[in-house]
Amino acid sequence: IGAIPLIGEIIVGVLMGVALIAGAIMAFLSLALVGGCNLMTPAIAVEGSDWLDAISRSFSFALRRPWRLGLYTVLAFIYGAVCYLFVRCFAFAMLLFVRICANFSMNLDHSSYLESTRGKLEAIWPSPGLWNLHPEFHFQAMGPMESIGGFLICLWVLIVVGLVVSFVASYFFTANTTIYFLMRRKVDQTEFDDVYLDEDLEDL
């Protein structure tokens, strides 16, 4: 409408109030979505409902108790950060101990392909760090057999890194489910053990 010559600008000016109302609705829904989007998946799992009910519940919790939801989210983030640091330190210690033990025997002789100042273990497995559990493997500087050994070690280290990442994903969904239970208890006065179960599961 605004592209209509001569009168388009006038029509846009007249309808600006409607556009502002629509913008306020979109901003309101966006804030509710940001605040409650992490509660939608637990709502479907706990209540056994559809996506419309999950959106309704998450919006209701975010709008009726925003400060409490924010407090739970901050506490979950802090606790998750501490747990993640512990898991990462554990994974680093595991890799470091394995590397130290392997270093006793593998470095008795230097790698035949690399320069003589670097041992065989350094050639096929760069030293991991706390914030770099999977350092870059330089396969172009390895011999044929060293490349195969380095590739296999790289796969195993990737599995360890994948377990650390999987902890983050697992904690995210677990924390959100706990927050959902707490918010539901506060807003709807629903007990924690009130969870939807399929009839077949109940019979079992």
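The values are calculated or read from the model by the stated rules, or taken from the named source; none is laboratory data. The structure presented is a predicted model; accordingly, all values stated were derived computationally and were not measured. Accessible surface is based on the protein model in full, side chains and every heavy atom, while ligands, DNA and RNA are left aside. Shrake-Rupley method; radii C 1.70, N 1.55, O 1.52, S 1.80 Å.
Structural remarks
- Taken over the alpha carbons of the stretch 7-58 as equal point scatterers, the Debye sum produces base-10 log I(q)/I(0) values at 0.16, 0.17, 0.20, 0.28 Å⁻¹ of -0.58, -0.60, -0.69, -0.95.
- Centroid-to-centroid separation of the stretch 26-94 and the stretch 143-204 [C-alpha atoms, Å]: 14 Å
- GNM remark for the chain: springs join alpha carbons under 10 Å apart, and the peak mean-square fluctuation among CYS101, CYS37, CYS83 falls on CYS101.
- Across q = 0.26 Å⁻¹, the stretch 129-198 modelled as identical point scatterers on its alpha-carbon atoms has Debye log10 I(q)/I(0) values of -1.10, in the order of the q list.
- Computed per residue of the chain from DSSP H runs no shorter than four, each worth -39500 (n - 2.57), the mean residue ellipticity at 222 nm is -25000 deg cm²/dmol.
- Accessible-area composition of the chain, carbon plus sulfur, in percent [1.4 Å probe]: 72 percent
- Ratio of the Cα radius of gyration of the chain to 2.2 N^0.38 Å, where N counts its residues: 1.68
- Sorting MET16, MET145, MET106 by solvent-accessible area of protein heavy atoms yields MET145, MET16, MET106, largest first, with a 1.4 Å probe.
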